[in-house]
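Heads up, the thing below is written out as structure tokens.
The values are calculated or read from the model by the stated rules, or taken from the named source; none is laboratory data. Not measured: the values here are computed from a predicted model. Please note: Cβ atoms are built from the backbone with ideal geometry, for glycine as well, and neighbour counts cover all protein chains shown.
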């Protein structure tokens, strides 16, 4: 049984070693949110392309406004998108707007809040330094500079950068195809009426949602019964994708057939147990050149193990770096005590009390309680080296990324 850190490291090392070249596709910029750049975004010119004013005010020679009370003549204005075409002589200044080009012959902008205008004259209540409220040409980026490297995940700010340099279409990594197969005789479709001993396939659609959020293209294979031939046929279909994720059938029970069937198909396993709860009997391996993950069937186990192990694999397959777990510190609302030397992920709520973050563990009878999981904003993380903590202690809290 591997530790959490060793299991994540094994996933990252294996995917980096065995993944093929990143396949790219060209998409409209407006449809690129959440995708990963396959080629860098490069500046098409200097940015800013001119000396730019960062404030509304007056463009002046700083040498003429060295102390409060200086008075200058206003000879015109500079607006964003238009240039001031005159010459600014001694004792003169130009009214200027935020974003406008700073005219030649002046070197600073004094904010309008510090100016008193009387007709064509303006008196300043303070001095100004050379370069104040001016961004010189090319200080943000020079023409040809790489602004966003390949491997960057595209968000709103990245779309803004690409738009600024005229990249109406961009090259992004193809989404990895992730096949999803649930297992179990007791599982029926979401739209079906379950019998008294059956459950609907909530894991399948939950994994689809997690896959999309991680940047993959989900391929739903439905459910396979606990019968070797049927399971084998379904797994072989799943191996046509880049990644196969199975839910259920990975424990040590008589009808947990996932590992035996995968072995028959030539799978190589890197681990089949990790020192975590929920999610201890999680499986990771390679079969026919495709990455396979066997996730425990209880909903909390499925969500936790997907985020811990499958998501970083999806990120690497797109050429991005795998993100670290976004753990934050919070005060414990109540004492916590665990016994087994595992890393625990306990459904929890985070709230603010007296200006401090406070984490409250939720009542949770088992990892099959999906209702408690839906109420949770994240997980209280309990490490094996610190299984007992008192109320008020600082603890680790892991937000649910799918709920942000």
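Kindly establish whether residue 362 is surrounded by 15 or more Cβ atoms within 10 Å (Cβ to Cβ), in contact (Cβ under 8 Å) with a residue 40 or more places away in the chain and either in contact with a helix residue (DSSP H, G or I) (Cβ under 6 Å, 6 or more places away or on another chain) or at negative phi (or both). It is false that residue 362 is surrounded by 15 or more Cβ atoms within 10 Å (Cβ to Cβ), in contact (Cβ under 8 Å) with a residue 40 or more places away in the chain and either in contact with a helix residue (DSSP H, G or I) (Cβ under 6 Å, 6 or more places away or on another chain) or at negative phi (or both).
Condition check: part of a loop (DSSP other than H, G, I, E, B) and under 24 Å from residue 385 (Cβ atoms). Does residue 357 satisfy that? No.
Here the stretch 15-60 is the region considered, the condition is being assigned to a loop (DSSP other than H, G, I, E, B) and under 30 Å from residue 124 (Cα atoms), and the residue that is farthest from the chain's Cα centre (by Cα) is 56.
Conditions (1) modelled with pLDDT under 95; (2) in a strand (DSSP E or B); (3) assigned by TED's automatic domain parsing to the domain that holds residue 167, marked per residue:
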{"site": "9", "(1), (2), (3)": "no, no, no"}
{"site": "13", "(1), (2), (3)": "no, no, no"}
{"site": "68", "(1), (2), (3)": "no, no, no"}
{"site": "73", "(1), (2), (3)": "no, yes, no"}
{"site": "83", "(1), (2), (3)": "yes, no, no"}
{"site": "93", "(1), (2), (3)": "no, yes, no"}
{"site": "109", "(1), (2), (3)": "no, yes, no"}
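Of all the listed residues (307, 315), the sole one being within 18 Å of residue 398 (Cα to Cα) and modelled with pLDDT of 90 or more is 307. Candidates are the residues of the stretch 160-197 that are farther than 23 Å from residue 25 by Cβ and either touching a residue at least 60 places away in the same chain (Cβ under 8 Å) or within 22 Å of the chain's Cα centre (by Cα) (or both); the one that is surrounded by the fewest Cβ atoms within 10 Å (Cβ to Cβ) is 185. Within the stretch 132-146, is even one residue closer than 29 Å to residue 305 by Cβ, modelled with pLDDT of 95 or more and in a strand (DSSP E or B)? No: the stretch 132-146 contains no residue that is closer than 29 Å to residue 305 by Cβ, modelled with pLDDT of 95 or more and in a strand (DSSP E or B). Annotation note: of 263, 233, 212, 200, the sole residue that is assigned by TED's automatic domain parsing to the domain that holds residue 304, without any contact (Cβ under 8 Å) to a residue 40 or more places away in the chain, within 25 Å of residue 26 (Cβ to Cβ) and out of contact with any helix residue (DSSP H, G or I) (no Cβ under 9 Å at 6 or more places or on another chain) is 212.
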